[in-house]
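The values are calculated or read from the model by the stated rules, or taken from the named source; none is laboratory data. All of these numbers come straight from a predicted model, not from anything done at the bench. Glycine gets a Cβ as well: all are built from the backbone with ideal geometry, and neighbour counts include every protein chain shown.
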Amino acid sequence: MSEDRVQVVVADHVAVVSLTRPEKHNAVDVAMFDAIIAAAERLAGEPGVRAIVLHGDGPSFCSGLDVISVMTAGDGLDGLIEPLRGEVPNWFQRAAYDWVRVPVPVIAAVHGNCFGAGLQIALAADIRIAAPDARLSVMEIKWGLIPDMSISRTLPRLVGIDVAKELSYTGRVITGTEAHPLGLVTHVADDPLGSARALAAEIATRSPHAVRGAKRLFDEAWTGTPVQTLSLEAEIQLGLVGSPNQLAAVRAGIAKRPAEFLDP
């Protein structure tokens with residue numbers, strides 16, 4: 001993983017993933033795409049990680065695709081859009097959708113510009129906390145393109161389909177304050193990184209098996225039938241009841257003390 005593009009720091013069961021190209025407002029070039037994918041791959045299996053915070057160093061979360069850099073690199077856009085094997089068809093999509101597939105909660109702390117590719121990465125997080133004056137846009141229409149970094153699996157879950165279409169048709173820029181009532185962001189905070197860290201720390205005090213189970217339930221059940229989703233609820237719950245971490249949660253609750261959990 002390229003540390004001049006992405007830095008990962010893990011402490012107290014929380015991983016903070018920082019995009020580190022501040023002089024370019026964290027515009028995503030080929031090296032950053034590779035580093036983002038590598039960070040998600042690492043944290044998907046890293047022992048002890050119970051929550052992840054995504055943020056951008058410098059003035060912005062991520063200003064989107066570094067179009068000139070990506071189009072002139074190697075085989076250009078055509079080579080990067082070529083289908084891959086597996087659930088996620090191409091390399092661009094993996095940089096966002098891999099955060100959906102990470103088994104622990106992901107919280108995006110959004111400030112400054114969050115455009116195009118940057119917004120789609122943020123949308124792949126479970127929770128988004130934005131500064132009131134953050135600027136968000138589904139900007140691909142500006143370049144004569146559609147948003148294609150797994151947005152079909154993220155945005156329609158958060159906003160009405162009419163809102164998703166309007167934002168994609170126009171590419172208009174909205175603030176964090178405007179994004180909140182639309183459902184595009186979960187919370188608005190003057191210090192989104194501080195708020196994201198605090199929320200991640202709170203999540204890290206809960207049973208990691210139960211938290212992972214809840215993420216799996218909501219992600220897999222979204223498009224399922226009642227039979228499938230109710231069966232999934234029962235399956236996950238049966239795996240938790242009587243488990244060491246579930247019993248630890250009960251004992252801690254009765255004793256009114258913090259629980260000590262085993263990590264998956």
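Only one of the numbered conditions (1) buried (at least 20 other Cβ atoms within 10 Å of the Cβ); (2) more than 16 Å from L136 (Cβ to Cβ); (3) in contact with a Pro (Cβ under 9 Å, 6 or more places away or on another chain); (4) not aromatic (F, W, Y) is not met by G176, and that is (2).
The single residue among P181, P258 that is surrounded by fewer than 13 Cβ atoms within 10 Å (Cβ to Cβ) and either in contact with a Gly (Cβ under 8 Å, 6 or more places away or on another chain) or not in a helix (DSSP H, G or I) (or both) turns out to be P258. Residues in segment 108-136 that are surrounded by fewer than 24 Cβ atoms within 10 Å (Cβ to Cβ), in a loop (DSSP other than H, G, I, E, B) and in contact (Cβ under 8 Å) with a residue 60 or more places away in the chain: G112, D126, A131. Candidates are the residues of segment 172-195 that are touching a His at 6+ places or on another chain (Cβ under 9 Å) and of a type in the set (A, V, I, L, M, F, W, C); the one that is farthest from R135 (Cα to Cα) is L193. Aliphatic (A, V, I, L, M) and farther than 19 Å from W143 by Cα: does that describe A125? Answer is yes for this residue. If the condition is being surrounded by fewer than 23 Cβ atoms within 10 Å (Cβ to Cβ), in contact with a helix residue (DSSP H, G or I) (Cβ under 9 Å, 6 or more places away or on another chain) and not in a loop (DSSP other than H, G, I, E, B), then segment 44-68 contributes A44, H55, V67. Scoring R94 on the criteria (1) in a helix (DSSP H, G or I); (2) without any contact (Cβ under 8 Å) to a residue 12 or more places away in the chain; (3) not acidic (D, E) leaves a single failure, condition (2). I need a count of the residues in segment 51-66 that are touching a Cys at 6+ places or on another chain (Cβ under 9 Å) and either more than 26 Å from A201 (Cβ to Cβ) or modelled with pLDDT under 95 (or both). Residues flagged as touching a Cys at 6+ places or on another chain (Cβ under 9 Å) and either more than 26 Å from A201 (Cβ to Cβ) or modelled with pLDDT under 95 (or both) within segment 51-66 amount to 2. Say we look at segment 215-232 and pick out the residues that are of a type in the set (A, V, I, L, M, F, W, C) and either over 18 Å from the mean Cα position of the chain (by Cα) or crowded, with 16+ Cβ neighbours inside 10 Å (or both); which of these is modelled with the lowest pLDDT? Of everything passing the filter in segment 215-232, A221 is modelled with the lowest pLDDT. When I107 is tested against the conditions (1) of a type in the set (A, V, I, L, M); (2) closer than 25 Å to L155 by Cα; (3) touching a Lys or Arg at 6+ places or on another chain (Cβ under 8 Å); (4) at pLDDT below 95, the lone failure is (4).
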